[in-house]
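Working notes, structure below.
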Amino acid sequence: MPTIMMLNSFTETYVKFFFILTPFFVISMFLALTVDMPKEKQRKTAIRTTFAVIIAAFTLFYFGNTLFAIFGITLDAFRIGSGALLFLSAVHLIQGTKAPIKNPGDIEEDADISVVPLAIPVVIGPATIGTLLIMGAQITDTPTRIASSFGLLAAILSVGFLLYVAPHIQRVIGTIGLSIMSKISGLILSAISAQIVFTGIKNFLF
């Protein structure tokens with residue numbers, strides 16, 4: 001039975017964060033920001049971005065309780081706030097206007113863009129930060145935390161792999177295909193954000 005519960009936690013975390021990390025929007029931004037890079041440097045940037053996301057995500061995931069204690073914020077209040085942010089991200093994804101980023105032409109040729117702006121805020125934006133803090137804070141038992149950690153890691157590595165093969169994906173499904181997938185991701189995110197907000201309101205009132 002514990003094995004089944006851990007598997008469920010792994011699967012739930014993986015699916016949830018795969019969409020929260022908005023992979024198809026991230027691919028679009030990655031291609032825009034690395035359009036003039038040689039293929040080898042583009043791949044290295046994808047790898048560095050993946051490692052940066054792993055470090056940032058797990059820092060937030062494991063220290064959520066500490067941050068809540070420091071600032072005196074309740075978990076349900078943060079659920080409502082981060083759920084609202086996640087919903088806004090979903091709306092922007094559907095409209096195709098998410099997170100305006102610095103013009104790719106304004107970035108210096110030798111600048112390392114793997115951490116900023118790719119890892120933060122393109123992959124891990126305010127809504128993702130809020131979701132990571134909430135999930136890390138609400139998990140109390142060790143088996144679930146371990147399973148969720150592996151699920152989160154698997155989701156990040158999946159997005160990292162998509163970045164690594166981003167030029168091939170673009171050739172297969174094209175820019176329009178990426179846009180369609182981003183909008184579908186936005187619809188799924190809107191449902192996730194609604195669930196987070198409703199949970200926060202229910203716990204707050206009852």
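For the subset of the range 155-167 comprising residues that are over 13 Å from I20 (Cα atoms) and under 13 Å from the mean Cα position of the chain (by Cα), which member is surrounded by the most Cβ atoms within 10 Å (Cβ to Cβ)?
The qualifying residue surrounded by the most Cβ atoms within 10 Å (Cβ to Cβ) is G160.
Filtered by the rule that a residue be out of contact with any helix residue (DSSP H, G or I) (no Cβ under 7 Å at 6 or more places or on another chain) and in contact (Cβ under 8 Å) with a residue 12 or more places away in the chain, the range 168-183 gives T175, S179.
Looking across the range 157-206, the residues that are among the small types (G, A, S) and closer than 30 Å to F78 by Cβ come down to S158, G160, S182, S185, G186, S190, A191, S193, A194, G200. For the range 19-37, does any single residue satisfy the condition of being surrounded by 18 or more Cβ atoms within 10 Å (Cβ to Cβ), under 16 Å from Q138 (Cβ atoms) and under 15 Å from the mean Cα position of the chain (by Cα)? Taking every residue of the range 19-37 in turn, at least one turns out to be surrounded by 18 or more Cβ atoms within 10 Å (Cβ to Cβ), under 16 Å from Q138 (Cβ atoms) and under 15 Å from the mean Cα position of the chain (by Cα). Take the conditions closer than 29 Å to F198 by Cα, out of contact with any Leu (no Cβ under 8 Å at 6 or more places or on another chain), small (G, A, S) and surrounded by 19 or more Cβ atoms within 10 Å (Cβ to Cβ) and apply them to A77. Does it pass? No, not satisfied.
Taking the range 185-194 as the search range and keeping residues that are touching a residue at least 60 places away in the same chain (Cβ under 8 Å) and surrounded by fewer than 16 Cβ atoms within 10 Å (Cβ to Cβ), which one is nearest to G83 (Cα to Cα)? Per the criteria, the residue is A194.
Cβ-Cβ contacts under 7 Å between residues 6 or more apart (or on different chains), taken from a first residue in the range 41-59 that is within 17 Å of L152 (Cα to Cα) to a second residue that is of a type in the set (S, T, N, Q) and at pLDDT below 95, are listed as T49/S114; A52/S114.
With respect to Q170, determine if the residue is in contact with a Leu (Cβ under 7 Å, 6 or more places away or on another chain), surrounded by fewer than 19 Cβ atoms within 10 Å (Cβ to Cβ), modelled with pLDDT of 85 or more and part of a helix (DSSP H, G or I).
yes
The values are calculated or read from the model by the stated rules, or taken from the named source; none is laboratory data. Computed from a predicted model, the values in this text were never measured in an experiment. A quick note on method: Cβ atoms are made from the backbone with ideal geometry, for glycine too, and the neighbour counts reach across all protein chains shown.
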